[in-house]
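A.B. asks: Before anything else, here's the structure in question.
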Amino acid sequence: MTVNNAAYQPYRGPLTARWSRFFILPRYALRETFKSKVFINFFAACFLPILFFAAMIYMQNFPGIRKILSLNTEQVMLVSTQFFLYFLMTQSVAAYGIALVAGPGLITADLDNNALPLYLARPISRLDYILGKMLLLAFMLSLITWIPGLMLFFMHGYFTGGTWLLEHLRLGLAIFLGFAVLIIMLTLIVATLSIWLRSKAGVGVAFLAGPLILSAFSLMVTFGHISFVVDLFFAVWSQIFRVEYVGLSPRFAWLTFALITVTCVVIIRRKLHAFEVVT
Amino acid sequence: MKPVIELDDLCVDLGKRRILDRLSGSFSGRAIGLLGPNGAGKTTLIHTLMGFHQASSGSASLLGQPINRDTRRIRERIGYMPERDAFIAGMSGVRFLSLMGELSGLPKAAALERAHQVMFYVGLGEARYRMLETYSLGMKQVVKLAQALLHGPQLLFLDEPTNGLDLPSRQKMLELITEISREGHAHVIFSSHILRDVEACCEEVLILKSGRIAAYCNLEAERKANRNLVDMEIKGGLDAFVQGLEAAGCQVAQLNQRRIKAVLEDGLNTGDLYKLAYKHQVQIRRLQFERDTLEDLFHKTMEECDDGQ
């Protein structure tokens, strides 16, 4: 059929399965996000630490390489729980950066241009919409966090033989869970701020200033440290990785995350509508 | 014809205010105009039928399906053009339509093909690769219509579609809407405060006032009911001519010494009037069949509502 046929004909073809439509929003949003060259460069830079950690694993497992580079054993990081914790911390900073750069525009652009009624007039729900947008951010964060983390884990396992892998399976799970907590919190907070503030710049500022404000608040009420938000994550990660940590208790950190999650869900439920009703 | 919209004591409260108050009725026209003064509840009614607002009490059905059950299935069958400026920034027109098509359930390739077709159909074929934010106001209105049409809905909700359009664009928009409803492709619910636009496109009108149904009528039937009303300017002995008309079964009102209005008896036509004038030796200098315009109907309804209150 020619595309420039002037007569209107209703569509009478088959429809896709409903479950499959959930992935349409992230797919389109992904393409829009990667239109920016600045973002592509930033995203590519987030892979550099991964290369560094991969190189460390490689050098530890191949003494010949160390010899060529004139490095002794102490100069190469030992692949252990601590090694993956360093990886977790490094990539968390990168994930925060990606969430800060790519996150705010995902939803605020739709809100700015009143696009929500266009989405919600179609067979998708508010939940599909918000999960679709969050899924994209979670996917981008996964590419620089737990996916390469597990690749490094399996790479070391491959080099050292099957026994190390079997003995440290729990470490693999910890890598995934540690990053999963981070990704869930980042995507949820970005989505909530976007819906609440409805401005890209506002979300960016709040996302930057939020941790500082929380830290100041924690100092005022005497239970906190200067880097309260970082402490929260360290407390949770230390429990997941089963390492000693002197700071906030993991229970308190989990409770705080649970409270943040509930607050975010309540805000999203109350604020995300096709039309804002002024009463 | 099966009802398009069925309302059964539908009430909608937003905050503590009642916006729609016990709306009931069954509407089945191909093109239904939704009229009413500002704040009458036109947009709220559309939003409620779309599932954007919850009914406080009562119920409603679209195309035979209750609106609060399987909303997704209903939304596959309807198209919606919002009143306000609405688009997705950073996308070309065709990509925007393609996304909307896929979200409505069209397979990827079909959505893209339909996006191109519909862009040509609405007259934006040449601008389909331009970014939406570069479109003029008129083009944005048209692309909103295009996204509502793309998936071939059985029912189209158009909320103030001619808002902000210049005369040629408005004409084009009305032509498109008329064609879609007349060709039988989709039922159209056309909400507007521009009476002339509604009159040009719609067969039936639903008039709302203060959240209630003030009138629902078939425009064609209204026109037919009034087609025997004739306004005449006469030169000569008016009294004899009036008596002659009354003798022929017409109701006559004499406006002045030269002008009369008459409701003709069924079967009496213009030729008979001229024969009667010849018989009574008067000249008919002007003869005009009158019909109530939608504006007359609207004002009459508003006055009746005010009197009722």
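Read-outs: derived from the displayed coordinates by stated rules, not from any lab. Since the model is a prediction, treat every value here as computed from it, not as a measurement. Glycine also receives a Cβ, built like all others from the backbone with ideal geometry; neighbour counts cover every protein chain displayed.
A.B. asks: Need the list of aspartates and glutamates near B:Lys172 for cross-linking: C-alpha distance under 18 angstrom, and skip anything on the same chain fewer than eight residues off.
C.D. replies: Partners within reach: B:Glu83, B:Glu126, B:Asp159, B:Glu160, B:Glu183, B:Asp197, B:Glu199.
A.B. asks: Provide the percentage of antiparallel DSSP beta bridges, counting only those with both residues in chain B; round to the nearest 5.
C.D. replies: Beta bridges within chain B, antiparallel portion: roughly 70 percent.
A.B. asks: Also, quick follow-up: Per residue of A:25-34, what is the mean number of Cβ atoms on other protein chains within 10 angstrom of that residue's Cβ?
C.D. replies: Details: counts 3, 0, 3, 8, 2, 0, 3, 6, 1, 0.
Averaged over the peptide's residues, the number is 3.
A.B. asks: Using 0.36 nm times the number of residues separating A:Phe52 and A:Leu78, minus their current alpha carbon distance, what extension gain do you get?
C.D. replies: Working: separation 26, 0.36 × 26 = 9.36 nm, distance 1.32 nm.
So the chain would gain 8.0 nm between A:Phe52 and A:Leu78.
A.B. asks: Give me the angle, in degrees from 0 to 90, between the Cα long axis of helix B:137-149 and the longest principal axis of the Cα atoms of chain B, rounded to the nearest 10.
C.D. replies: 80
A.B. asks: Taking the Cα centre of each part, how many Å lie between segment A:135-185 and segment B:218-273?
C.D. replies: So the two Cα centres are separated by 91 Å.
A.B. asks: Taking chain B as a Gaussian network, Cα atoms linked when under 10 Å apart, which of B:Val188, B:Val94, B:Val230 shows the biggest mean-square fluctuation?
C.D. replies: Its mean-square fluctuation being the largest, the pick is B:Val230.
A.B. asks: If you take the square roots of the eigenvalues of the alpha-carbon gyration tensor of chain A and sort them as a ≥ b ≥ c, do you get rounded (a/c under 1.5), prolate (a/b over b/c) or oblate?
C.D. replies: Oblate, because a/c is 1.5 or more while a/b does not exceed b/c.
A.B. asks: Note the angle between two axes, namely the Cα long axis of helix B:294-308 and the longest principal axis of the Cα atoms of chain B, as a number of degrees from 0 to 90, rounded to the nearest 10.
C.D. replies: That works out to roughly 90 degrees.
A.B. asks: Between rounded, prolate and oblate, where does segment B:228-289 land on the alpha carbon gyration tensor, with a ≥ b ≥ c its root eigenvalues, rounded for a/c under 1.5, else prolate if a/b exceeds b/c?
C.D. replies: It comes out rounded by the Cα gyration axes.
A.B. asks: Taking chain B as a Gaussian network, where each spring joins two C-alpha atoms under 10 Å apart, which residue of B:Ala200, B:Ala253, B:Ala115 fluctuates the most?
C.D. replies: Among B:Ala200, B:Ala253, B:Ala115, the largest mean-square fluctuation in the Gaussian network model of chain B belongs to B:Ala253.
A.B. asks: Sticking with this one: With loop defined by DSSP as not H, G, I, E or B, and exposure as at most 13 other Cβ atoms within 10 Å, which is the longest segment of chain A clear of exposed GluC sites (Glu not before Pro)?
C.D. replies: A:1-243
A.B. asks: Let me ask something else. Give the residue list of trypsin sites (Lys or Arg not before Pro) in segment B:124-196 that are DSSP loop and have at most 15 other beta-carbon atoms within 10 angstrom. Working shown, then result.
C.D. replies: On the way: sites: B:Arg128, B:Arg130, B:Lys140, B:Lys144, B:Arg170, B:Lys172, B:Arg182, B:Arg196; in loops: B:Arg128, B:Arg130.
The qualifying sites are B:Arg130.
A.B. asks: Quick one: check the C-alpha center-to-center distance for segment A:67-96 versus segment B:1-50, whole angstrom.
C.D. replies: Cα centroid to Cα centroid, the span is 65 Å.
A.B. asks: Please order A:Tyr11, B:Tyr121 by the number of other Cβ within 10 Å, starting at the fewest.
C.D. replies: Values: A:Tyr11 21, B:Tyr121 24.
Least crowded to most crowded, the residues run A:Tyr11, B:Tyr121.
A.B. asks: Springs between alpha-carbon atoms under 10 Å, Gaussian network over chain B: tell me which of B:His47, B:His299, B:His280 tops the mean-square fluctuations.
C.D. replies: B:His280
A.B. asks: Turning to a different aspect of this structure: For the Cα atoms of chain B, what angle does the longest principal axis make with the long axis of helix B:108-121, in degrees from 0 to 90, nearest 10?
C.D. replies: Between helix and principal axis, roughly 30 degrees.
A.B. asks: Can you pull the mean other chain C-beta count within 10 Å for peptide B:97-109?
C.D. replies: Average neighbour count from other chains, rounded to a whole number: 6.
A.B. asks: How many partner chain Cβ atoms sit within 10 Å of a residue's Cβ in peptide A:119-131, on average, as a whole number?
C.D. replies: Mean inter-chain Cβ contacts per residue within 10 Å come to 5.
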